[in-house]
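Notes to accompany the following structure.
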Amino acid sequence: MPFLLLKYAKKYAHKIAKNMRLEIKMYKPKMKNYNLDFRSLTDRDKTDQLVIHHTGDGIDDDLSAEDIHKIHLANGWAGIGYHYVIRKDGTIEIGRPVDCIGAHAEGENNHTIGIHLSGNFEIGEPTDAQIESTATLIAWLCQEYDIDINSNNVVGHKDLPAPAGETACPGKNLYSQLETIRGKAMWYQLNYVN
C-alpha cells in the first residue's frame, strides 16, 4: 500500500505543480556538440512547434550533424538546417543553435525546431534507441518552450502546410510511430525529473 501511495503522489504532485506553475525540471538529455561554425544566422523570436525529419536519401544512412553541416555548407547554405540530429545509436547531436531560425521546413522555419533522425524511413526502420532519444528530446524541448505535446505541436514534416508539407518526410516507417513517440515524451516529462 505505501508503494502505491508513493507512485500516485509522485504522479499527481507533478501535475499539481504544473498547474500551479511551480518549477519541476526534467533532466536535460545528454547531447554531443561539434561546435559547428555557421554563416549568418537569425534569432528565432517564437517557438511553438517541433518538426520531425529523416534523411530520405536512397540508402538508410546514419549521417552525423557534422556530415550534414558539411553537405549544407557545400550547397552554399549557412550550415546544417536542423537543430538536432539523432543517430541510429540514439546519440543526440546539436546542429544549428536552437534559438536560431532553422532551414528545414520552407515557410515554417521562423517558429519551429527541426529534429532530424538519421536514416531513410521509407525503406528502413528507426531504431529503438532513436525512438527513445527522440521522445526524451521532445519532452525536454516542450518543457523548455512551454509547448504541449500533441499532434498539432509535434509533427512530421509532411504535416505542415504547403510548400513545406509537400514531402514524404519523415518517411512512412517513422511517421507511423509519431503517436508512440509523443506518448513516450509525455511519460518522460512526468517521470524523468530532477
Inset, instruction - Let me know the shape class of the stretch 54-144, please: from the alpha-carbon gyration tensor, a ≥ b ≥ c as square roots of the eigenvalues, rounded when a/c is under 1.5, otherwise prolate if a/b is greater than b/c, or oblate. - result: oblate
Inset, instruction - Mind sorting out which of [x] 30, 18, 16; [y] 53, 25, 12; [z] 44, 16, 13 is the real semi-axes √(5λ) of the Cα gyration tensor in Å computed from the coordinates? - result: [x]
Legend entry - Nearest 10 degrees, 0 to 90: helix 128-144 Cα axis against the chain principal axis: 70
Inset, instruction - Run the accessible area of the chain with a 1.4 Å probe and give the carbon-and-sulfur part as a rounded percent. - result: 51
Inset, instruction - Can you tell me the 0 to 90 degree angle between the C-alpha axis of helix 65-74 and the longest principal axis of the chain, rounded to 10? - result: 30
Inset, instruction - Compare ASP148, ASP128 by solvent-accessible area with a 1.4 Å probe and give them largest first, with all protein chains kept in place. - result: ASP128, ASP148
Inset, instruction - Hey, for a label at TRP77 modelled as a point 7 Å past Cα toward Cβ, could you say which residues of the stretch 91-112 have their backbone N under 14 Å away? - result: 95-97, 101-110
Inset, instruction - Pop out the ³J(HN,Hα) list for the stretch 51-62 in order, Karplus 6.51 cos²θ - 1.76 cosθ + 1.60 with θ = phi - 60°, rounded to Hz; leave Gly and Pro as x. - result: 10, 9, 10, 9, 5, x, 5, x, 10, 8, 7, 9
Legend entry - Global form of the stretch 81-194, assessed from the alpha-carbon gyration tensor, a/c cut-off 1.5: rounded
Inset, instruction - With both partners inside the chain, how many of the DSSP beta bridges are antiparallel, as a percent to the nearest 5? - result: 25
Inset, instruction - Report, ordered by chain and residue number, the aspartates and glutamates lying within cross-link reach of LYS88, taken as a straight Cα distance under 13 Å and ignoring same-chain residues fewer than 8 apart. - result: ASP60, ASP61, ASP62, GLU125, ASP128, GLU132
Inset, instruction - Give the accessible surface of the stretch 44-180 per residue, rounded to a whole number of Å², with probe radius 1.4 Å and ligands, DNA and RNA excluded. - result: 39
Legend entry - Residue order for SER118, SER40 - accessible surface, 1.4 angstrom probe, largest first: SER40, SER118
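The values are calculated or read from the model by the stated rules, or taken from the named source; none is laboratory data. What you see is a predicted model, and the numbers here were worked out from it, not measured in a lab. Note: ideal-geometry Cβ built from the backbone for every residue, glycine included; neighbour counts use all protein chains shown. Side chains are part of the model used for accessible areas, which takes the heavy atoms of the whole protein and leaves out ligands, DNA and RNA. Shrake-Rupley method; radii C 1.70, N 1.55, O 1.52, S 1.80 Å.
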